[in-house]
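The values are calculated or read from the model by the stated rules, or taken from the named source; none is laboratory data. Model, not experiment: these values are computed from the prediction. Note that each Cβ is placed from the backbone with ideal geometry, even for glycine, and that neighbours are counted across all protein chains shown. Note: areas computed on protein heavy atoms with side chains; ligands, DNA, RNA excluded. Shrake-Rupley method; radii C 1.70, N 1.55, O 1.52, S 1.80 Å.
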Amino acid sequence: MAPLRIALLVNDTPVQPVVDAFGEYPQIYERWLSESKPSEDVAFRMTSFDVVNHPGVYPNPDEYDGIVLTGS
């Protein structure tokens, strides 16, 4: 099975204590998704889009199986 293609829209930056402990949102979500896979047979490829610092750079929805939004 081909890996699931996931676009991660990064809408915020975690507070510094969270960054220090866990990393930025791409690292946090990569870990969460990896740890929640039902089996090792499930694979995904995640691409991050920093929509705060690069507004207007968004994924083409036809190129992804899912889109996840971070922050608020």
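The sole residue among 4, 33, 9 that is within 24 Å of residue 63 (Cα to Cα) and in contact with a Leu (Cβ under 7 Å, 6 or more places away or on another chain) is 9. Summed over the stretch 36-72, residues that are polar (S, T, N, Q) and exposed (fewer than 12 other Cβ atoms within 10 Å of the Cβ) total 5. Taking the condition of a type in the set (S, T, N, Q), without any contact (Cβ under 8 Å) to a residue 40 or more places away in the chain and not in a loop (DSSP other than H, G, I, E, B), does residue 39 pass? No: the conditions fail for residue 39. Which numbered condition in (1) touching a strand residue (DSSP E or B) at 6+ places or on another chain (Cβ under 8 Å); (2) open to solvent by less than 50 Å² (accessible area, probe 1.4 Å) is the only one that residue 24 fails? Of the numbered conditions (1) touching a strand residue (DSSP E or B) at 6+ places or on another chain (Cβ under 8 Å); (2) open to solvent by less than 50 Å² (accessible area, probe 1.4 Å), the odd one out for residue 24 is (2).
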